[in-house]
Amino acid sequence: MATAKPYDKAYFDKWYRHPQHRVKSPVELARQVAFVLSTAEFVLGRPVQSVLDVGCGEGQWRAALRAHRPRLHYTGVDPSAYAVERYGRTRNLHLGGIESLETLPLRAEYDLVVCCGMLNYLTPSQLARGVAQVARFTGGMAYLELFTSEDAFEGDTNWPTPKPARWYRGLMQKAGLCPIGMQCYVTREATSRVSALERV
């Protein structure tokens, strides 16, 4: 069972910056962001204008996204008081969690919603409630990084035990999210934007 984490400066220094512990290098992050942004723009048929980054940490995705779309509106949400106190004003971060999105001063919907490196920390009930909220704010595409019991993973893995892929597929379907591959999803209403063969 996962234990409570401080999500303080030491946590981010270790998992985001330390060469031996960090989950992604700056190059790997840039490549991931470029892929997600390009995929969302393929689905939308236009440049992404707004991004909601849930569980954003210090808001690392903001600079990487703006390297491609300098005028993009970025909003981050994270439960780390440290991250929001330090970067909230300059990076537009709000204190909160995936289950409290509806209580925050957010837009009605976003072209792209990102949940990267945080969904596995949630209990099954938290995940179900959170994914349902994410679906409500998804106006284009959602990128939901999740690892199952069938995957190999590294980094901070003090998580609840992952479930099989079929369990997560059922959860996404119940929330109204349709997979289109590579951890990308569109809402049920937006499935006409992708061909039948792209819908997994």
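Evaluating residue 114 against the criteria (1) open to solvent by less than 20 Å² (accessible area, probe 1.4 Å); (2) over 17 Å from the mean Cα position of the chain (by Cα) leaves one unmet condition, (2). Filtered by the rule that a residue be in a loop (DSSP other than H, G, I, E, B), open to solvent by less than 10 Å² (accessible area, probe 1.4 Å) and at pLDDT 95 or above, region 57-90 gives a lone residue, 72.
Filtering region 24-43 to residues that are surrounded by fewer than 16 Cβ atoms within 10 Å (Cβ to Cβ), modelled with pLDDT of 95 or more and among the hydroxyl-bearing types (Ser, Thr, Tyr) leaves only 38.
Can you name the residue in region 1-23 that is loosely packed, with under 13 Cβ neighbours inside 10 Å and among the small types (Gly, Ala, Ser) and is also modelled with the highest pLDDT among such residues? If we take residues in region 1-23 being loosely packed, with under 13 Cβ neighbours inside 10 Å and among the small types (Gly, Ala, Ser), then 10 is modelled with the highest pLDDT.
Hey, any hits in region 181-200 for a residue that's outside any helix (DSSP H, G or I), open to solvent by less than 30 Å² (accessible area, probe 1.4 Å), of a type outside the set (Val, Ile, Thr) and under 24 Å from residue 35 (Cα atoms)? Working first, answer last.
Kept after step one, since they are outside any helix (DSSP H, G or I), are these residues of region 181-200: 181-187, 194-200.
Checking which are open to solvent by less than 30 Å² (accessible area, probe 1.4 Å) leaves us with 181, 184, 186-187, 194.
Among the residues that remain, those that are also of a type outside the set (Val, Ile, Thr) are: 181, 184.
Those still in the list that are under 24 Å from residue 35 (Cα atoms) too: 181, 184.
Yes, region 181-200 contains a residue that is outside any helix (DSSP H, G or I), open to solvent by less than 30 Å² (accessible area, probe 1.4 Å), of a type outside the set (Val, Ile, Thr) and under 24 Å from residue 35 (Cα atoms).
Residues in region 117-157 that are β-branched (Val, Ile, Thr) and more than 23 Å from residue 58 (Cβ to Cβ) were compared, and the one that is most open to solvent (accessible area, probe 1.4 Å) is 123. What residue, of 80, 125, is among the polar types (S, T, N, Q) and touching a residue at least 12 places away in the same chain (Cβ under 8 Å)? Result: 80 is the single residue among 80, 125 that is among the polar types (S, T, N, Q) and touching a residue at least 12 places away in the same chain (Cβ under 8 Å).
Do you know which residues across region 148-173 are closer than 18 Å to residue 184 by Cβ and either touching a residue at least 40 places away in the same chain (Cβ under 8 Å) or under 13 Å from the mean Cα position of the chain (by Cα) (or both)? The answer is 171, 172.
The values are calculated or read from the model by the stated rules, or taken from the named source; none is laboratory data. The model shown is predicted, which means the values in this text are computed figures rather than measured ones. Using ideal geometry, Cβ is built from the backbone for each residue, glycine included, and neighbour counts are taken over all protein chains shown. Each accessible area value is taken on the protein alone, full model and side chains, heavy atoms only, with ligands, DNA and RNA left out. Shrake-Rupley method; radii C 1.70, N 1.55, O 1.52, S 1.80 Å.
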